[in-house]
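Remarks on the structure that follows.
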Amino acid sequence: MSLYSIYTQSYPQFLWITLSHFLFIKVYHIKMLEIKLKILKNFTNTCPKLSGVYKIFGKNSKILYIGKAKNLNARLKSYQNLSGHSSRTLSMLSQIKKIDIIITKDEAEALLLKSNLIKQHKPKYNILLKDNKTFPYICLDETSEVPRLFKYRGKKLKGRLYYGPFTSVKKIDEAVSAIQKIFLLRSCSDTNFKSRTRPCVLYQIKRCSGPCVGKTNNTEYKNLALQVKDFLSGKSKSLHKKLSLQMRTASDDMDYEKAALCRDRIKALAFVQSQNQFTNLDKLSNVDVVCSIANQGVFKAIKVFFIRSGCNFGSKIYFLQNVDTKDIDETLMSFLQEFYQRNTPPIEILMNRNISKTFLLEQLFLKLYDRKTKISCPVRGKRMDLIKFVEKNLENNLKSKTAFQIKHAICFDLLKKYFKLPKLDQIEVYDNSHTSGFEAGGVMIVCGKNGFIKSDYRKYSIKTTRPIQDDYFIFKEILSRRCKSKMNMPDMIIIDGGKGQLSVAVKTIVKSKVRVPFIISLAKGQKRNSGEEIIYTSKNKDIYLSKSDVMKQYLQVLRDEAHRFSIVSHKSKREKAMFKNIVKD
């Protein structure tokens, strides 16, 4: 009998079994929801018609979701209509064990309380930003008699002026360096400033005017500080004219050294303007552009684009998962309130989607920062052009990420088939570094089907009293410490090294009595050139692949990421070691 005839005979039966199985799961899911909705209905009957916050609890009294409402009774009743909810909300409703409420004065206070509770409890079904870091700012500290300019990240203090945010640390370092060249303001701490008896190297390389030892008087220095404020506030054109006039005056007086200094400052000023200026912005001097995008009915990503003093300060993108477009208003509201609790909002926020109750967010920002912020969705003019520009950028970001995820998924499948693994969901790669045995340490990077999982990266410091140049000892320590951690073991481990490192890794993991994953090592060839690597496996098999092999290229990408993270970690340790007190230690 041919395969086709077997298929045609068995297909109707197979279809019926599959359909029956699907219907059974569907009916079971609906019955479970009906049981859970009884808890919701019983609670709603006694729930007041007041504004406040509600908490939905699941198993083991874990909070699943925290929401707010103007009318708690009406909001909780809305959950009873199952047809109007997304799959995410239905999944949450099927796990309800208990509901609790907190009554507030009004909806604005409820929004603030909800935001604080989400930050505290991190519920599973609320929108949470994975990256909780605040953005760096340029800070001008005027609390001292001699103002100080430096890079700052953290809580904002009184008496200081903050300019930003900057999304790139490299960009803010370049900006601070350029401003130091232009205005020659100090960046040292107050303690260091008061203890100086001679000027530091920054004065020698013309990045500071030397106020610590009286190389400039207070009047001249304060004038420089005022020029910095003008420049960071967007008044760079008038500053350019002042510097040009000073240069000409100095040249006429034959003070060529001062004229050359003014010339260098004009050049540095022109460079900063060319790097940061965003054209055709008209009066848009202090604006954030928040653009969201949905694809095939699923809410995908949000991008925040920062403009300060008519300059482009960069952008930050947040990718979201499993958020249905039915929840778009709530998603954007949750995102904005969480994002701007950590970052000061500008005077205007432009959005590419209209969301209801933006006035609540405006009231929240007024309470938090004592300043008015306007949230709008423009439909024409320069603002609309700017939104289209950000939307286009976001679409390109999303396409790149999707292509990257597809590539990772294909490579994962190749590895799984080649090594005949039953399952491959996660890979860990290990590397170590040291300088002649000093500052020895190791790193672990983690990769999933969708790409690198940077939140799971780990650094391991080797704490010994003597220099360690033994790679085997380092790998043994970091792997034994990894096996003791609460993180689940991966399906595959890659070691940067040869047969010796692989042998140590296998013995260490077996000795730790945890689930032993599939382990390989990636060693450089005889000439130590990229593309000539040899793959050693725990099954004592040596694998030689061509340079053009896709699987080999993917293993190189994983190894290179571990190298990068290891080098960054080691450099950081070396820099800290340079400032250690030898006598104290």
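The values are calculated or read from the model by the stated rules, or taken from the named source; none is laboratory data. Only a predicted model underlies this, so the values are computations on that prediction, with no experimental measurement involved. Backbone-built Cβ (ideal geometry, glycine too); neighbour counts: all protein chains shown. With ligands, DNA and RNA removed, areas are computed over all heavy atoms of the protein, side chains included. Shrake-Rupley method; radii C 1.70, N 1.55, O 1.52, S 1.80 Å.
Details
- Highest average packing first - 304-312, 196-204, Cβ atoms within 10 Å: 304-312, 196-204
- Contour minus Cα-Cα distance for Lys59 and Lys524 (0.36 nm per residue): 162.3 nm
- Net dipole in debye of the range 354-513 [+1 Lys, Arg Cβ; -1 Asp, Glu Cβ; about Cα centre; nearest 20]: 520
- Percentage relative contact order, the range 404-561, counting C-alpha pairs under 8 Å, at least six apart: 19
- Candidate aspartates and glutamates for bridging to Lys392, where Cα separation is under 18 Å - those fewer than 8 sequence places away on the same chain excluded: Asp288
- In this label model, Asp470 and Tyr162 are separated by 4.9 nm, measuring between points 7 Å along each Cα→Cβ vector.
- Extension reserve of the Gln120-Ser356 stretch, reckoned as 0.36 nm per residue once the Cα distance is removed: 82.4 nm
- His563/Lys70 FRET efficiency (R0 56 Å; Cβ-Cβ; nearest 0.05): 0.55
- Residue-normalised accessible area of the range 61-110, expressed per residue, 1.4 Å probe, Å²: 47
- Those lysines that a straight Cα-Cα span of less than 19 Å connects to Lys417, excepting residues fewer than 8 apart in one chain: Lys407, Lys449, Lys539, Lys541, Lys552
- Segment Ser455..Asn218, full-extension length gain: 80.6 nm, with 0.36 nm per residue of separation and the alpha-carbon distance subtracted.
- FRET efficiency, Ser436 to Ser177 (Cβ-Cβ, R0 35 Å, nearest 0.05): 0.65
- Neighbourhood charge, 15 Å Cβ-Cβ cut-off, centred on Asp491 and excluding it, Lys, Arg +1 and Asp, Glu -1: +3
- Protection proxy ranking of 487-499, 214-226 - average other beta-carbon atoms within 10 Å, highest first: 487-499, 214-226
- Of the residues Ile535, Ala505, Ser455, the one whose Cα sits farthest toward the positive end of the charge dipole of the range 409-559, with +1 on the Cβ of Lys and Arg and -1 on the Cβ of Asp and Glu, is Ala505.
- Pairs exceeding 23 Å between alpha-carbon atoms, taken from Lys170/Lys382; Lys155/Lys300; Lys49/Lys105; Lys357/Lys399; Lys151/Lys222; Lys119/Lys454: Lys170/Lys382; Lys155/Lys300; Lys357/Lys399.
- Computed over the range 303-397: relative contact order in percent, which uses C-alpha pairs under 8 Å that are six or more apart: 24
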